[in-house]
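Every number in this text was worked out from the coordinates using simple rules, so none of it is lab data. The structure presented is a predicted model; accordingly, all values stated were derived computationally and were not measured. Backbone-built Cβ (ideal geometry, glycine too); neighbour counts: all protein chains shown.
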Amino acid sequence: MVSKSTICVAASVALLRRASCLTILPSIAVAEDLRARRLSGAPLMQPEITRSIVLGLPGNRATGPHVRRAVEVMLATTREVVASGSWLEGRWLGD
């Protein structure tokens, strides 16, 4: 058995597309591949897996306009996919 660990979701998806392997990813990360039948998936029923995603910024210095814009885009995109139901397990806790 070979084990591979990646931090990057894109790298995990690329590995899935090239190799015969298994991984645990949020469905939003592979939604297009599942719809196009490039990948197959099954939900985990037990045990329930939960996680929180937190965005942290420095409190002791100003952030540049590029950082503020990146944060705006990330927040808007996250809100959009949660509100649309595309991120099935997603729940917005912010604001």
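What is the diffusion coefficient of the chain in µm²/s, taking the Kirkwood radius over Cα pairs and the Stokes-Einstein relation at 10 °C with a viscosity of 1.306 mPa s? Please report the intermediate quantities before stating the final value.
Numbers: Rh = 15.9 Å.
This corresponds to a translational diffusion coefficient of 100 µm²/s.
Which is the longest stretch in the chain that no exposed loop site breaks, taking sites as trypsin sites (Lys or Arg not before Pro) with a DSSP loop state and at most 11 other Cβ atoms within 10 Å?
Working: sites that count: K4, R37, R51, R61, R91.
Between the exposed loop sites, the longest stretch runs 5-36.
Quick one: longest stretch of the chain between exposed loop GluC sites (Glu not before Pro), exposed meaning at most 13 other C-beta atoms within 10 Å and loop per DSSP? It would help to have the intermediate numbers written out before the result.
Numbers: sites that count: E48, E89.
Free of exposed loop sites, the longest segment is 1-47.
Report the residue, chosen from V30, V67, V81, that carries the largest GNM mean-square fluctuation when the chain is represented by alpha-carbon nodes joined by springs under 10 Å.
Among V30, V67, V81, the largest mean-square fluctuation in the Gaussian network model of the chain belongs to V67.
Compute the signed sum of charges (Lys and Arg +1, Asp and Glu -1) over the other residues within less than 10 Å, Cβ to Cβ, of T50. Display every interim value, and only then the final one.
Values: positive: R51, R91; negative: E48, E89.
Net charge around T50: 0.
What size of dipole, in debye to the nearest 20, comes out for the stretch 36-95 about its Cα centre when the only charges are +1 on Lys and Arg C-beta atoms and -1 on Asp and Glu C-beta atoms?
Working: 8 positive and 5 negative charges, 49 e Å.
In debye, rounded to 20, the stretch 36-95 gives about 240.
Please arrange M45, M74 by counting, for each residue, the other beta carbons lying within 10 Å of its beta carbon, fewest first. Numbers along the way, then the final one.
Numbers: M45 6, M74 12.
Ascending Cβ contact count within 10 Å gives the list M45, M74.
Using only alpha-carbon positions, what ratio does the radius of gyration of the stretch 50-95 give when scaled by 2.2 N^0.38 Å?
On the way: Rg = 12.5 Å, N = 46, 2.2 N^0.38 = 9.4 Å.
Normalised Cα radius of gyration, the stretch 50-95: 1.33.
How big is D for the stretch 1-47, in µm² s⁻¹ as a whole number, if Stokes-Einstein is applied with the Kirkwood radius of its Cα pairs at 4 °C and 1.567 mPa s? Walk me through the numbers on the way to the answer.
On the way: Rh = 11.5 Å.
The calculation lands on 113 µm²/s.
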